[in-house]
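Q: Attaching a single structure in structure tokens format; questions to follow.
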Amino acid sequence: MDALLLARMQFAANISFHILFPTLTIALGWTLLFFRLRWLKTQDAAWLVAYRFWTKVFALTFALGVVSGITMSFQFGTNWPGFMERAGNVAGPLLGYEVLTAFFLEATFLGVMLFGHGKVSERAHLVATFLVAFGTTMSAFWILALNSWMHTPAGHVLRDGQFFVQSWFDVIFNPSFPYRLAHKLLASGLTVAFVLAGVSAWQLLKGCANASTPKVLRTGLTLGAVLIPLQIVAGDLHGLNTLKHQPQKIAAMEGIWQTQRGAPLLLFAVPDAEERQNHFEIGIPRGAALILKHDADGELQGLDAFPNAHPPVAPLFYGFRIMVGTGLLMLAFAWAGLWLLRRRGWAGARLPRPLLWGLAGMTFSGWVATVAGWYVTEIGRQPFIVFGLLRVDEVASKVPAPMIALTLALYVTVYLALIVSYVGVVKYMAEKPVDGPEAPSTAPQGAAA
């Protein structure tokens with residue numbers, strides 16, 4: 001493999017690992033605020049148990065997110081120095097704002113959340129929880145502003161090959177930013193919803209549930225059932241925005257090789273880049289045209305309209321279907337679980353064991369959908385790093401391929417060990433009995449079932 005491909009693979013490995021943790025912490029911060037408010041309003045110890053347990057999960061997740069984020073940022077200098085040389089006037093301040101919010105809000109007040117209960121007032125502790133949640137969202141805001149600008153650049157001027165800002169408002173609120181921000185925040189909410197539901201289901205299955213378990217399960221299922229329809233709407237709007245600004249990405253996602261009217265919505269196919277056609281197509285006639293053009297006979301540009309300037313088809317085609325398929329599974333589990341939970345009096349232990357096992361298996365389904373969607377987004381920008389203006393091969397470093405391959409192998413090895421350890425620690429924490437003065441006196445009815 002050449003150095004450019006290895007550098008792209010290394011960045012993909014780093015971002016794949018890193019994105020898992022912010023995807024959890026963004027919405028989990030607001031969930032903790034909800035648990036905290038419920039405790040203050042009801043004085044039900046179960047909400048305090050939920051708050052303390054998930055604060056520990058948040059802290060663990062935040063730590064891994066920070067470590068992997070720092071590692072990822074180093075690659076701008078080692079593998080992609082040309083990017084900061086050419087676009088540093090735009091990227092530098094946005095990355096700086098993200099670091100400020102991450103460290104000055106999240107890291108600072110997380111300590112108060114973890115160790116301040118009983119040492120500061122209830123109001124101060126509540127404010128600390130809010131600031132942590134706000135900090136995670138603002139971190140996402142700045143990162144997505146930069147990433148969106150790289151896809152739909154605006155508010156800049158080019159001088160001698162360098163990007164200079166003309167309007168920070170246009171840079172930040174570029175054409176795709178509102179759609180990407182909404183899509184990501186909803187994805188974070190769905191990820192957290194199924195982690196909450198999955199961990200709670202596991203506790204019920206293993207007989208280690210406590211009084212907070214049915215409350216957390218209900219919160220997770222309710223959050224998932226509400227957010228999935230919103231995500232479908234946001235995804236549709238995001239797709240229409242992408243069609244307007246990056247039509248070649250849509251063509252690759254839908255496997256449209258030739259410009260045509262009434263393109264089908266392919267449920268399955270095997271794209272062939274050499275023959276520039278699909279094999280074994282299974283689709284809905286005119287479906288893609290109807291969804292994307294709101295006209296069954298609408299014309300969609302094919303990849304033939306973008307010679308030497310379109311992304312590879314297979315990763316986008318399969319990645320998009322993995323993301324959508326996972327989302328449909330989420331919809332089925334969330335709605336079925338919430339319906340059964342309501343019918344059975346909100347007692348999680350009364351849910352059928354197959355459903356509990358299914359929810360436990362779906363615990364990290366949000367990660368699957370997020371990574372698949374991120375691959376669609378980022379590979380879909382190829383061959384550009386700033387869409388339409390700056391190509392990836394123009395900003396790559398001259399580091400020898402063997403050195404990149406060695407560090408790539410080390411990164412993947414460490415990341416695999418860390419992700420296995422992370423899941424193992426969460427499992428251990430979930431199965432550990434609740435003790436201390438905040439422990440509820442009784443477990444929910446049938447929790448040992």
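Q: Got a number for residues in the range 393-421 being surrounded by fewer than 19 Cβ atoms within 10 Å (Cβ to Cβ), in a helix (DSSP H, G or I) and either in contact (Cβ under 8 Å) with a residue 24 or more places away in the chain or touching a Lys or Arg at 6+ places or on another chain (Cβ under 9 Å) (or both)?
A: The number of residues fulfilling the criteria is 8.
Q: When you go through Phe104, Phe109, Phe115, Phe53 one by one, which is the residue that is out of contact with any Pro (no Cβ under 9 Å at 6 or more places or on another chain), among the aromatic types (Phe, Trp, Tyr), surrounded by fewer than 17 Cβ atoms within 10 Å (Cβ to Cβ) and farther than 24 Å from Val165 by Cβ?
A: Phe115
Q: Name the single residue that is farthest from the chain's Cα centre (by Cα) among those in the range 173-209 being over 26 Å from Leu32 (Cα atoms) and crowded, with 21+ Cβ neighbours inside 10 Å.
A: Filtering the range 173-209 for residues that are over 26 Å from Leu32 (Cα atoms) and crowded, with 21+ Cβ neighbours inside 10 Å, the one farthest from the chain's Cα centre (by Cα) comes out as Asn174.
Q: While we're looking at this one, here's another question. Looking at (1) without any contact (Cβ under 8 Å) to a residue 40 or more places away in the chain; (2) more than 25 Å from Phe83 (Cα to Cα); (3) under 26 Å from the mean Cα position of the chain (by Cα), which one does Pro352 not meet, given that it meets all the others?
A: Result: Pro352 passes all but (3).
Q: Right, next: What single numbered condition from (1) in contact with a strand residue (DSSP E or B) (Cβ under 8 Å, 6 or more places away or on another chain); (2) assigned to a loop (DSSP other than H, G, I, E, B) fails to hold for Thr363?
A: (1)
Q: Follow-up question, since we're still on this one. State all residues of the range 277-299 that are surrounded by 13 or more Cβ atoms within 10 Å (Cβ to Cβ) and at positive phi; if no residue qualifies, say none.
A: Hit for the range 277-299 is Arg286, nothing else.
Q: Still on this model: List every residue pair whose Cβ atoms lie under 6 Å apart, where the two residues are 6 or more positions apart in sequence or sit on different chains, the first residue falls within the range 142-155 and is within 18 Å of Pro22 (Cβ to Cβ) and touching a residue at least 40 places away in the same chain (Cβ under 8 Å), and the second residue, located anywhere, is among the hydrophobic types (A, V, I, L, M, F, W, C) and assigned to a helix (DSSP H, G or I).
A: Trp142/Leu94; Leu144/Leu181; Ala145/Leu94; Ala145/Ile172; Ala145/Phe177; Leu146/Ala91; Leu146/Leu94
Q: Count, please, the residues in the range 101-116 that happen to be touching a helix residue (DSSP H, G or I) at 6+ places or on another chain (Cβ under 6 Å) and over 14 Å from Phe58 (Cβ atoms).
A: So the count comes out to 2.
Q: Do the conditions hold for Ala145, that is, is it part of a helix (DSSP H, G or I), under 23 Å from Leu316 (Cβ atoms) and of a type in the set (A, V, I, L, M)?
A: The answer is no for Ala145.
Read-outs: derived from the displayed coordinates by stated rules, not from any lab. Please read these numbers as outputs of a predicted model, since none were measured by experiment. Note: ideal-geometry Cβ built from the backbone for every residue, glycine included; neighbour counts use all protein chains shown.
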